[in-house]
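Data block below; observations after.
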Amino acid sequence: MTEKLKEIIESLIFISVEPLTLEKMKEVLPDDPEQDIVRAVQDLAAGYAAGGGAIHIVQTAGGYVFSTKPDFDPYVRRLLQIERKSKLSHQALETLSAIAYHQPVTLPEISTIRGCDSTYALHSLLEKKLIKIVGRKEAPGRPLLYRTTDKFLVYFGLNSLEDLPKEDELKKLMEEENA
Amino acid sequence: MDAEESYQVRLEVFEGPLDLLLFLIKKKKIDIRDIPIALITREYLDYLNHKDRINLDREAEFLLMAALLIYIKSQMLLPREQVLEPEEDPRRELADRLMDYQTIKAAVQVLREKEDEQLQVWKRSALTAPLPDGDLDLIEVSLYDLAESFFTLMKRRQEENLKVIKGKEVSMAEKMNEIVSVLKERHYLDFLEYLDDQETLEEALIAFFCLLELIKARLVTAIQEQLFHTIKVWLRKEAHVKVTHD
């Protein structure tokens, strides 16, 4: 029974372009108890991890997707004719960090945290859909509030915002560096 | 190149005044909680004087910080009757900001590492981004797109509306029911066309508000097939049941 379930889930993940969430699996498999599904996914992912193949299942943005291993990056890029994936600029990444750790947050707040104007970086992040507008702050001028998106999680391979290092972990990291 | 010159770093490499301050603090091995303001101000101003070209836009931010440093120093020089409590230290706010900024910088490093890792692995979602021309590319539209379309329409109807003497009264509830029944029949409606079909400006306005309400209630969804194309409104699948019961 579980083997069958594993195979069903495997095909669902295979065909999904966006990370396949547990909710979606439950929709497709209304008769299977949730813990069975969870166990099947975990078994499946563990099987791929132990199997030593080129593909594995990763959990990102709250769902599961197939992903290639880093070793094959050059070949995949050759196939897709992509020279190099572009990285975020330092400015954009710093702005994104400020948003990730202070969300929901307004543009003036981001600029204060970074000590410099962040309008340009903010707009490029919006265009890349790494952040989104979630409303307005009830403050003078009713400035827009921003949050990171699911695409942000996928981009950095995070499952949820909980996966980001906590602020005290970051402080420890800095102390090590300063020492 | 002498030592003085080789030490010079261009101001452009700093994200902003906080970044520069942190750099100086690190260089002098200073404790952020106990910054010798006079020393750091001197270093900071030295730094500003040394750079060759001036970029006025960014300069303002750096000068503002210089002014703040000097202000803090002046606060510290004021004679006081009592010794200041730690939380009254004029340097405190700046120290807090620097600490915050430092955490963000650490987060940048972590994220950069993760980005490097992720750039080497491929998922199928990465492949679906560019669609060939002509294909249906559904974009769920934002409020701004809707509003923009609406204003285009309003402009188009500006003159004709003068002919209307008395519009009939339409309530939001009636209009909403009408929209839902049209949607159930035709599956989707063209946002602009539908508003254009309304008899009066007032009715069009009400229809627009109704659509916003329905979108907000997640009963319908607004989708643009391609950038700059018309916006279509669909009944959400999961909404079907709910609407029928209402």
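Within region A:48-59, restricting attention to residues that are in a helix (DSSP H, G or I) and over 23 Å from the mean Cα position of the chain (by Cα), which residue is modelled with the highest pLDDT? Applying the filter and picking the extreme gives A:Ala50. Beta carbons closer than 7 Å, at least 6 apart along the sequence or on distinct chains, pair a first residue in region B:62-83 that is of a type in the set (Lys, Arg) with a second that is at pLDDT 85 or above for B:Lys73/B:Ile37; B:Lys73/B:Ala38; B:Lys73/B:Thr41. The residue pairs whose first member lies in region A:91-112 and is within 16 Å of B:Lys105 (Cβ to Cβ), whose second member is small (Gly, Ala, Ser) and surrounded by fewer than 21 Cβ atoms within 10 Å (Cβ to Cβ), and whose beta carbons are closer than 6 Å, counting only pairs six or more residues apart or on different chains, are A:Ala92/A:Ser124. Taking the criterion of being at pLDDT 80 or above and either surrounded by 12 or more Cβ atoms within 10 Å (Cβ to Cβ) or touching a strand residue (DSSP E or B) at 6+ places or on another chain (Cβ under 7 Å) (or both), would at least one residue in region B:131-143 satisfy it? Scanning region B:131-143, I find no residue that is at pLDDT 80 or above and either surrounded by 12 or more Cβ atoms within 10 Å (Cβ to Cβ) or touching a strand residue (DSSP E or B) at 6+ places or on another chain (Cβ under 7 Å) (or both), so the answer is no. Taking A:Ser11 as the residue in question, decide whether it is within 17 Å of A:Val154 (Cα to Cα) and either small (Gly, Ala, Ser) or assigned to a helix (DSSP H, G or I) (or both). Against the criterion (within 17 Å of A:Val154 (Cα to Cα) and either small (Gly, Ala, Ser) or assigned to a helix (DSSP H, G or I) (or both)), A:Ser11 does not qualify.
Is it true that some residue in region A:24-35 is within 14 Å of another protein chain (Cβ to nearest Cβ) and at pLDDT 90 or above? Yes.
Pairing residues of region B:107-122 that are within 19 Å of A:Glu169 (Cα to Cα) and facing another protein chain (nearest Cβ under 7 Å) with residues that are at pLDDT below 90 and surrounded by 20 or more Cβ atoms within 10 Å (Cβ to Cβ), at Cβ distances under 6 Å and at least 6 apart in sequence or on separate chains, gives B:Ala107/A:Leu170.
With respect to the conditions (1) in contact with a His (Cβ under 7 Å, 6 or more places away or on another chain); (2) closer than 20 Å to A:Asp150 by Cα, A:Pro19 lacks only one, and its number is (1). Checking each residue in region A:14-38 for being farther than 20 Å from A:Val154 by Cβ and part of a loop (DSSP other than H, G, I, E, B) picks out A:Leu29, A:Pro30, A:Asp31, A:Asp32, A:Pro33. A:Val41 meets each of the listed conditions (1) touching a residue at least 24 places away in the same chain (Cβ under 8 Å); (2) aliphatic (A, V, I, L, M); (3) not in a helix (DSSP H, G or I) apart from (3). Among the criteria (1) of a type in the set (A, V, I, L, M); (2) surrounded by 14 or more Cβ atoms within 10 Å (Cβ to Cβ); (3) more than 27 Å from B:Glu117 (Cα to Cα), the one A:Val28 does not fulfil is (2).
Facing another protein chain (nearest Cβ under 9 Å), surrounded by 12 or more Cβ atoms within 10 Å (Cβ to Cβ) and modelled with pLDDT under 85: is that true of B:Arg91 in this structure? Taking the combined requirement at face value, the residue does not satisfy it. Counting only helices (runs of 4 or more DSSP H) that fall entirely inside region A:60-179 and contain at least 2 residues that are within 14 Å of the chain's Cα centre (by Cα), crowded, with 17+ Cβ neighbours inside 10 Å and facing chain B (nearest Cβ under 10 Å), the qualifying elements are A:90-102, A:150-155.
The rows are residues; the columns are (1) β-branched (Val, Ile, Thr); (2) closer than 25 Å to B:Phe62 by Cβ.
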site: A:Thr112; (1), (2): yes, yes
site: A:Gly115; (1), (2): no, yes
site: A:Tyr120; (1), (2): no, yes
site: A:Leu125; (1), (2): no, yes
site: A:Leu130; (1), (2): no, no
site: A:Val134; (1), (2): yes, no
site: A:Pro140; (1), (2): no, no
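Considering the conditions (1) modelled with pLDDT of 90 or more; (2) on the phi > 0 side of the Ramachandran plot, A:Gly135 is excluded by exactly one of them, (1). From the residues in region B:11-49 that are buried (at least 19 other Cβ atoms within 10 Å of the Cβ), assigned to a loop (DSSP other than H, G, I, E, B) and of a type in the set (A, V, I, L, M, F, W, C), which one is farthest from the other protein chains (Cβ to nearest Cβ)? In this case the residue turns out to be B:Ile35.
The values are calculated or read from the model by the stated rules, or taken from the named source; none is laboratory data. Computed from a prediction, not measured in an experiment: that's the story for all the values here. Here Cβ is always computed from backbone atoms with ideal geometry, including for glycine, and neighbour counts include all displayed protein chains.
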